[in-house]
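Below you'll find the structure, written out as structure tokens, and then a few comments.
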Amino acid sequence: MRQMEEKLQVFEQEILKEANQKKTAIEQDTAREKQTRIAQKENEILTKAYQTIQKELGTIRREQNERLSKAASDSKRLVLNRRGEIIQNVFQQLVQRVEDYRETEAYTAFLLRCAKAGLEEVGSGDIVVLIDKRDLKQKTLLEKLGVSVEQDAMDILGGCRVLNRSRNVVSDRSLAKCIAEEKEHFLEEADFRIQPV
């Protein structure tokens, strides 16, 4: 019996040893499986987090670019508005100076020179000198050039336009034309260009 008990005890120890080995192997397999699943979940979570971060960065960049574009556009509009104010101011002052000039004796001589130069330019025929309504007081002086003088339908700000009706030719010696040409020249010379940002 003792021998049997010893055999049983040895058998029991062998079974317990084998069970412990299987238990340890199962625990190790479970731990490895758990680590693998945890690593997979971490990768999934990190991938989703990376994608979310990239998406938000894209949104932030887009919003920043939109703000920059709006700021550049607003700046250009302000510059254009200021440029327009400067140009308007300069030419309002010029028109006022022309109005003051028209009240001088020198303007009468200028008007006569404009009419003579216009007559030479348009040649002979049925000639009419067109003047501003404020210059009608000079009509008699201009008629001494041997042409008819009429009020111009346009506001020419001074000077005159000489029309040869026979040849359908006009010589524009008006101050309005001179100011328009000066305005073009001013814009070119002042180099009022808007550079891209």
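Here are a few things to note about the model shown:
- Checking Arg102 against (1) open to solvent by 70 Å² or more (accessible area, probe 1.4 Å); (2) among the basic types (Lys, Arg); (3) touching a Gly at 6+ places or on another chain (Cβ under 7 Å), the condition it does not meet: (1)
- Residues of the stretch 29-43 that turn out to be open to solvent by 100 Å² or more (accessible area, probe 1.4 Å) and of a type in the set (S, T, N, Q), as a count: 2
- Residue in the stretch 135-157 that is under 21 Å from Lys177 (Cβ atoms) and in contact (Cβ under 8 Å) with a residue 40 or more places away in the chain present: yes
- Test: residue in the stretch 52-73 that is within 30 Å of His185 (Cβ to Cβ), surrounded by 10 or more Cβ atoms within 10 Å (Cβ to Cβ) and either hydrophobic (A, V, I, L, M, F, W, C) or without any contact (Cβ under 8 Å) to a residue 24 or more places away in the chain (or both): yes
- Scanning the stretch 137-171 for residues that are within 19 Å of Glu99 (Cα to Cα), touching a strand residue (DSSP E or B) at 6+ places or on another chain (Cβ under 6 Å) and open to solvent by 50 Å² or more (accessible area, probe 1.4 Å) gives a single hit, Lys139.
- Residues of the stretch 118-136 satisfying the condition of being surrounded by 14 or more Cβ atoms within 10 Å (Cβ to Cβ) and assigned to a helix (DSSP H, G or I): Gly118, Leu119, Glu121, Val122, Arg134, Asp135
The values are calculated or read from the model by the stated rules, or taken from the named source; none is laboratory data. It should be emphasised that the depicted structure is a prediction, and the values quoted were computed from it without experimental measurement. Glycine gets a Cβ as well: all are built from the backbone with ideal geometry, and neighbour counts include every protein chain shown. Only protein heavy atoms, including side chains, enter the accessible area calculation; ligands, DNA and RNA are left aside. Shrake-Rupley method; radii C 1.70, N 1.55, O 1.52, S 1.80 Å.
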